[in-house]
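Engineer: One structure is given below, represented as structure tokens, and several questions about it will come after.
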Amino acid sequence: MKKTGGFRNPAAEKQYFAAYDRAMAECPAPDGVFNVETRHGITRVYRYGGDGPPMALLPGLMATSACYAALFPALAERHAVYAIETLGEAGGSVQTAPFKDIRDRVGALDDVFESLGLTAVHLVGGSTGGWHAVNQAIHAPGRLASIALLDATTVSAPFARKVFWYGAPAAVLDSERLWRRFLTWSAGEDIFDQPAARLVLAGIRSYRARIPFQVCPSEEALRSIELPTLALFGGRSAVHDSAAAAARFESLLPHADVEILPDAGHYLYLRPEDRDLIIDRVLKCVA
């Protein structure tokens with residue numbers, strides 16, 4: 001990559017941050033806000049909770065901290081929770097240098113941990129955030145204590161072809177009807193009008209990302225992960241074959257705790273009962 005991500009124009013940026021403010025209003029007030037200098041730009045981080053063991057949350061592609069609004073209160077009761085806005089994508093972070101490869105993205109996140117003085121971090125990632133967590137565990141595990149993956153994509157299974165069949169027409173035509181169909185299909189229920197989902201759509205429309213293509217790590221790389229690992233998959237996830245992804249992940253990381261939530265879609269924590277189970281599993285994993 002020779003370019004950096006950025007908004008298409010000032011008007012698009014203004015529209016995006018109006019949606020950002022609406023989505024972030026759904027979150028509890030943070031206990032701290034940091035703009036962390038890294039070698040590739042400034043990363044926005046929100047901290048929730050007190051002085052418990054550090055836990056960092058990574059959102060999905062083009063998502064932000066707002067996607068974890070429902071999880072913050074319970075997790076912050078026991079942990080200092082750091083919600084990190086992914087550098088190189090829409091959100092509060094600002095990319096200033098290009099990413100050459102995945103290792104550069106790993107280095108940018110490691111810079112955040114170093115700048116905040118964080119070690120023994122329990123790293124939680126949903127969707128593409130889970131892919132980032134896995135890459136961190138492969139290439140820079142020194143500051144991590146564990147990883148927890150919430151229907152992580154392109155880790156142990158590729159995207160389903162329907163991701164492109166549904167997503168491409170919506171992106172090309174930029175139709176509200178097609179975007180609603182895509183989000184309903186991918187999430188397992190109609191989330192189109194939720195502020196966090198509208199923010200993802202605003203990012204897709206207004207931000208040009210310049211990031212390395214998302215590909216599955218090699219089997220050798222996955223086998224190299226020694227950290228305690230939790231991997232939860234949505235039984236009704238449409239973005240990949242979750243049963244195959246779970247089985248392959250378990251075969252490559254036999255020490256991992258792998259579970260399929262049978263009635264959950266890709267957005268695992270939409271249903272209250274799944275949300276409670278996820279919180280329980282994550283807190284037990286990091287205890």
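Engineer: Could you work out the local net charge near Met24, counting Lys and Arg as +1, Asp and Glu as -1, over the other residues with Cβ closer than 11 Å to its Cβ?
Structural biologist: -1
Engineer: Under a 10 Å cutoff between Cα atoms, tell me which one of Arg275, Arg44, Arg105 has the largest fluctuation in the Gaussian network model of the chain.
Structural biologist: Its mean-square fluctuation being the largest, the pick is Arg275.
Engineer: Also, quick follow-up: Output the peptides 167-179, 145-157 sorted from most to least packed, where packing is the average of other Cβ atoms within 10 Å over each peptide's residues.
Structural biologist: 145-157, 167-179
Engineer: Also: Top mean-square fluctuation among Ala221, Ala246, Ala19, Gaussian network model of the chain, C-alpha springs under 10 Å?
Structural biologist: Ala221
Engineer: Roughly how many whole Å is it from the C-alpha centroid of the stretch 3-73 to that of the stretch 223-286?
Structural biologist: The two parts, judged by their Cα centres, are 24 Å apart.
Engineer: For the stretch 1-43, what is the accessible area per residue in Å² when the probe is 1.4 Å?
Structural biologist: So the stretch 1-43 comes to 66 Å² accessible per residue, rounded to a whole number.
Engineer: Roll a 1.4 angstrom probe over the protein heavy atoms and tell me the percent of accessible area of the stretch 194-251 that is carbon or sulfur.
Structural biologist: The value for the stretch 194-251 is 52 percent carbon and sulfur by accessible area.
Engineer: Hey, what number do you get for the chain at 222 nm if only DSSP H runs of n ≥ 4 count, each worth -39500 (n - 2.57), divided across all residues, to the nearest 500?
Structural biologist: My calculation for the chain gives -12500 deg cm²/dmol from helical runs alone.
Engineer: In terms of modelled amide H atoms, which long-range or inter-chain residues lie less than 5 Å from the amide H of Thr38?
Structural biologist: It is Thr43, by chain and number.
Engineer: Which FRET efficiency, nearest 0.05, do Arg223 and Ala11 yield, Cβ-Cβ r, R0 35 Å?
Structural biologist: FRET efficiency, Arg223 to Ala11: 0.15.
Engineer: What is the distance, in nm, between label points placed 7 Å from the Cα along the Cα-to-Cβ direction at Ala287 and at Lys3?
Structural biologist: 5.0 nm
Engineer: So, one more: If you plug each phi of the stretch 58-72 into the Karplus form 6.51 cos²θ - 1.76 cosθ + 1.60 with θ = phi - 60°, what whole-Hz ³J(HN,Hα) values come out, in order, with x for Gly and Pro?
Structural biologist: For the stretch 58-72, the Karplus curve yields 10, x, x, 4, 6, 8, 9, 4, 4, 5, 9, 3, 6, 9, 4 Hz.
Engineer: What ³J(HN,Hα) values, in whole Hz, does the Karplus curve 6.51 cos²θ - 1.76 cosθ + 1.60 give for the stretch 92-98 when θ = phi - 60°, with x put for Gly and Pro?
Structural biologist: The phi angles translate into x, 8, 10, 7, 10, 9, x Hz.
Engineer: Compute, for the chain, the length of the dipole vector about the Cα centre, with Cβ point charges of +1 (Lys, Arg) and -1 (Asp, Glu) only. Units Debye, rounded to 20.
Structural biologist: 1020 debye
Engineer: Starting at the first residue of the stretch 109-123, write each ³J(HN,Hα) from the Karplus equation 6.51 cos²θ - 1.76 cosθ + 1.60 with θ = phi - 60°, in whole Hz, x for Gly and Pro.
Structural biologist: With coefficients 6.51, -1.76 and 1.60, one gets 6, 4, 4, 4, 4, 5, 5, 8, x, 9, 9, 6, 7, 8, 9 Hz.
Engineer: Which cross-chain or sequence-distant (5 or more) residues have an amide H under 5 Å from the amide H of Leu144, H modelled 1.01 Å from N in plane?
Structural biologist: Excluding prolines and chain starts, which carry no amide H, the hits are Ala120, Val121.
The values are calculated or read from the model by the stated rules, or taken from the named source; none is laboratory data. No experiment lies behind these values; they were computed from the predicted model shown. In this analysis, Cβ positions are derived from the backbone assuming ideal geometry, glycine residues included, and neighbour counts consider all displayed protein chains. We work out accessible area using only protein heavy atoms, side chains counted, and drop any ligands, DNA or RNA first. Shrake-Rupley method; radii C 1.70, N 1.55, O 1.52, S 1.80 Å.
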